[in-house]
Each structure stands twice: as C-alpha cells, then as structure tokens.
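Worksheet: the structure to be examined is printed underneath.
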Amino acid sequence: MLEFIAHSRLKILSSSNGLLLCLHRTELFIINPATCYLLHISLTNHLQQRGNLHSVSMTLECDSDDYRLILFDNEDWSSHFDCHVYSHKQGAWSLRKNHFFAGSRNLKVDMPVICNGSIHFISDCYSYLTEDGTYFRHYIMSYEITNSDDEDESVETKFLRVPKEARRGSHDDSCHMNIFKWGRSCWLSNYLLS
C-alpha cells in the first residue's frame, strides 16, 4: 500500500489512528495502509465545481466508531472560513452555521490539534503586525465542532493566548512554534508548545 501511495502521487493531508486522508488532484481518499482499504470521499458540490483546492484546509479525526473529515474553505481571502464536516456514519457533508475566525495572523492549518470536540490552530510568529494590535503576539484559535443538526448558534471561535513563558523571544523570524496533543487526556494544559 505504501508503494502505491508513493507511485500514485497522492498527497497525504492528515492522519488519525492509522488512517490517512489523501488527495489526488481533486479526489479525496481515506486509506487504511494496514488493511489496504481505500475509500473515495466525494467533495461538497461547490468544491467539485470550483476544481481548485488551494484555499482549503482538511484534517481527519478518528475514534472507535466513526471518523470525520473537517474542511475549512475560504474563497475570498478573508479571516472567516466556512467549516464543512463529513461524517462517515452519516455519509454526507454538513456546513457548520458559524464561521471559523482566524484572526489577523496566518494559522498553521497543516498542524491542527483536535481535543474535546474542538479543533485548535496556532498562528505564526512573524513580526509583520504592529505592537499595539490585538493579534500582535501569536495565539491559538479554537473552534468547536459538533455532530448534531441542532448546532448551537452561540458557538464561535475562541481566541487563546499563548502563555507568556512560551512567547519569550518568539518574534525572532527563526522562531517556529507548534502545538501537539500530549498524553491520553485532552486538556489545554496538556498541549506542548515547541
């Protein structure tokens, strides 16, 4: 299976519990390398029509009885993203009612952390914003992802400050900060900043 992935020019977008989320041109696949199982996932209608996935961020979340694809889409270069969630159990995409707000910095969307039903992204550290702005220091944005049809309208993006100790020296252009899930429990204090 790994040889097939290497020769087919599939791009691995995400992994979770041994499954791989892969992209080939505009086709999405979930692959289980251990069983050699490959599942095609249809894109949402508007993404199929667009044919360009450059402004799309996708991640895969697996647990014991279901897996979900989480797709953030931004066509107009704003800080607000549409969030689409694909549930394998439901076999369909659903559009979340609330937009994901990214703030003024670029987020590291290729390294999300999913914890307690929310997805978290850390911003970059580069010094391109003015010091008096809200988003001058890097930050973590958290967005709650629900599976239910009765999504709470009050759910929104949460702005989380990176601890002061971790920010020290972070505006040096050589600084690259990331977040990781640490241990079996899933609390924000268990994130490792590096």
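Some points to look at:
- Leu43 being outside the structural domain of Lys158 (by TED's automatic domain parsing), surrounded by 18 or more Cβ atoms within 10 Å (Cβ to Cβ) and in a loop (DSSP other than H, G, I, E, B): yes
- Qualifying residues in region 46-95 (those that are hydrophobic (A, V, I, L, M, F, W, C) and not in a strand (DSSP E or B)) - the one modelled with the highest pLDDT: Leu47
- Residue within region 100-112 that is in contact with a strand residue (DSSP E or B) (Cβ under 8 Å, 6 or more places away or on another chain), in contact (Cβ under 8 Å) with a residue 12 or more places away in the chain and under 20 Å from Thr26 (Cβ atoms) present: yes
- Residue within region 14-33 that is closer than 18 Å to Ile179 by Cβ, touching a helix residue (DSSP H, G or I) at 6+ places or on another chain (Cβ under 8 Å), modelled with pLDDT under 85 and outside any loop (DSSP other than H, G, I, E, B) present: no
The values are calculated or read from the model by the stated rules, or taken from the named source; none is laboratory data. Computed from a predicted structure; not experimentally measured. Please note: Cβ atoms are built from the backbone with ideal geometry, for glycine as well, and neighbour counts cover all protein chains shown.
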